[in-house]
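To keep things clear, I will list the structure first and then write my remarks on it.
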Amino acid sequence: MTDTAPGEPWLEHYVHPCDWRMDFPPLSLPDFFAASVSAHGDRPLVDFMGREYSYAQLHREALRFAAGLQRLGIARGDRVGLYLPNVPHYVAAYYGASIAGATLVNFSPLYTAAELADQVADSGTRLLVTVDSAALLPTALEVLEGSQLETLVVGSLAAQLPALKGLALRLLGRKSLTRIPAHPGVLRWDDVLADGPPAPVAIDPMSDLALLQYTGGTTGTPKGAMLTHQNLTANARQVEAIDPRKGERDVIMGVLPLFHVFANVCVLNRTVANGGCVAMLPRFDAGQTLKTLQRVRATAMPGVPTMYQALLDHPDLGKTDFSSLRVCISGGAPLAGPLKERFEAATGARLVEGYGLTETSGVVSTNPYEGEDRIGTIGQVLPRTRVRLLDKEDPLRDAPPGEPGELAVQGPQIMQGYWRRPEADATAFAQRADGRWLRTGDVAVLDAEGYLSIVDRIKDMIAVGGFKVFPSQVEDALLGHPAVKEVLVLGVPDAYLGEVPRAYVTLADGASDSGDALRTWLNARLGKHERVDAVVVRESLPKTMIGKLDRKALRAEVEAAGAETA
């Protein structure tokens with residue numbers, strides 16, 4: 001590949017088969033939301049545990065929240081944080097803060113006080129929104145006392161539920177709630193909502209930041225990806241554009257955490273773009289998800305592979321009616337072929353794999369919802385998205401034809417850079433003759449029909465006596481054994497070869513295979529330089545906040561254990 005202008009022949013192999021030339025004009029989040037409210041005002045936007053909230057209702061609340069923020073002195077560009085589970089307040093606060101011109105910052109509900117305080121300080125968050133959950137409010141109060149945070153806005157979890165469920169939570173779930181204290185920096189949600197419209201704010205969709213979305217920190221300290229209004233609205237429209245059923249009945253399961261970029265675009269903004277409804281649960285629970293899916297007759301469900309495995313493992317799977325479910329989108333981690341096959345056989349729904357990054361506002365590519373779905377690939381890129389494969393040693397050159405290379409991306413969804421990290425920007429982008437390309441750090445191959453396959457991450461490659469070994473290839477081989485449920489492969493020190501691969505696995509229910517037996521089975525199927533020195537059977541493998549296997553955490557555990565042994 002060479003630097004080539006859009007429209008040249010090579011580009012046709014790098015674009016989605018739907019009309020990739022379709023345009024996504026600049027659009028702010030407030031205008032994006034208002035347009036859908038105008039078209040679908042009476043429709044339910046959220047079903048929360050059986051209580052429905054319409055587009056018009058949540059838009060009114062967002063406007064009142066925006067006016068309340070302005071009354072508190074929040075101005076254009078100020079940072080407003082969301083420290084929330086999946087609740088209706090999230091939607092009103094998300095769009096309301098954007099109407100006020102503020103920049104949103106998503107914080108994981110699983111953060112410790114130290115983690116939350118660090119990101120509040122790094123982002124310069126002035127106001128934080130949370131709920132009176134015992135898992136959240138004490139942490140938020142601790143951060144309020146010890147950081148630059150000025151105001152904490154607290155919503156009532158029970159007040160957002162259906163009446164009987166809310167009453168039951170107040171009476172029976174007292175241990176799960178925390179009393180909102182009398183404090184000059186603490187305001188109740190309802191007290192912030194202002195009467196009257198907010199003052200208009202001029203927003204430039206192309207340059208004004210809508211969201212600081214912190215990376216998961218898999219390669220070091222989390223960094224805030226700067227996402228503009230256009231980044232977010234364009235990606236939502238890109239995802240909507242490839243849905244062959246857009247405009248039809250649309251009820252999506254909202255079990256991915258909305259603080260994560262995957263859910264932000266594929267659950268919330270994409271559903272708003274299509275006038276659909278989010279069947280929202282505060283967090284993922286397999287049993288509750290199955291009940292809700294059947295109750296609302298959901299048509300789609302984005303998730304991570306571990307969620308689909310948890311549904312398969314639940315005893316109520318066979319009692320659940322999946323006939324309304326058309327497609328499930330898997331992201332966040334590689335989707336194993338056997339898991340895909342088992343889930344599709346059990347539910348009758350299609351499970352397709354997609355790919356994206358925090359730095360791409362959510363989504364770069366996906367397998368088609370209908371048509372050819374190539375197992376083991378991350379599908380084809382979205383409309384108006386360009387990709388190329390860079391030489392793994394020199395990002396200013398392309399990979400040799402037919403060989404793997406570092407995946408680089410251009411498109412309207414690509415971040416502006418990292419918040420206050422110019423040194424990180426310098427390595428995140430490759431400046432080519434035709435503009436900046438985001439370097440993903442993922443090694444990929446591309447076939448003639450434009451289907452991408454991720455081979456591995458550059459930083460995860462294992463150097464074995466001068467050979468490069470991709471952990472994912474060893475993992476894929478081991479997942480072919482019926483006893484293996486989950487697997488991660490790491491490089492461990494070796495006196496002769498420098499590094500050798502070692503596999504860490506959990507076993508399927510009822511399996512009792514030993515690590516030695518699995519190693520013998522696996523090594524017979526690998527090249528000599530790929531062979532593992534051991535297979536370690538564990539009760540569990542560490543996972544990230546959204547449930548995907550966490551290679552970084554496992555590496556830290558192994559290194560700590562090695563240090564203790566030494």
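Please go through the range 320-348 and pick out each residue that is small (Gly, Ala, Ser) and crowded, with 21+ Cβ neighbours inside 10 Å.
Those that are small (Gly, Ala, Ser) and crowded, with 21+ Cβ neighbours inside 10 Å: 330, 331, 332, 336.
Checking residue 509 against (1) under 16 Å from residue 309 (Cβ atoms); (2) part of a strand (DSSP E or B), which single condition isn't satisfied?
Going through (1) under 16 Å from residue 309 (Cβ atoms); (2) part of a strand (DSSP E or B) one by one, residue 509 breaks only (2).
Determine, yes or no, whether residue 493 is within 27 Å of residue 374 (Cα to Cα), more than 27 Å from the chain's Cα centre (by Cα) and loosely packed, with under 15 Cβ neighbours inside 10 Å.
Answer is no for this residue.
Scan the range 404-441 residue by residue and report those that are touching a strand residue (DSSP E or B) at 6+ places or on another chain (Cβ under 9 Å), over 23 Å from residue 77 (Cβ atoms) and among the small types (Gly, Ala, Ser).
405, 408, 411, 430, 435, 441
How many residues, within the range 109-134, are touching a helix residue (DSSP H, G or I) at 6+ places or on another chain (Cβ under 8 Å), closer than 19 Å to residue 225 by Cβ and modelled with pLDDT under 95?
The total comes to 2.
What pairs come out if I take residues in the range 30-44 that are surrounded by fewer than 16 Cβ atoms within 10 Å (Cβ to Cβ) and part of a helix (DSSP H, G or I) and pair them with residues that are among the small types (Gly, Ala, Ser) and at pLDDT 95 or above whose C-beta lies under 7 Å away, six or more apart or interchain?
Within 7 Å, the pairs are 39/275.
Taking the range 424-473, which residues are more than 19 Å from residue 414 (Cβ to Cβ), of a type in the set (Val, Ile, Thr) and at pLDDT 90 or above?
443, 445
Those residues that are among the small types (Gly, Ala, Ser) and either under 24 Å from the mean Cα position of the chain (by Cα) or within 20 Å of residue 377 (Cβ to Cβ) (or both), I need them from the range 304-344; list them, please.
The answer is 310, 330, 331, 332, 333, 336, 337.
Could you pull out the residue among 389, 396 that is farther than 25 Å from residue 250 by Cα, touching a residue at least 60 places away in the same chain (Cβ under 8 Å) and surrounded by fewer than 24 Cβ atoms within 10 Å (Cβ to Cβ)?
Residue meeting the stated conditions: 389.
The values are calculated or read from the model by the stated rules, or taken from the named source; none is laboratory data. Note that this is a predicted model, so its numbers are computed, not measured. Don't worry about glycine lacking a Cβ; one is built from the backbone with ideal geometry, like all the others, and counts go over all protein chains shown.
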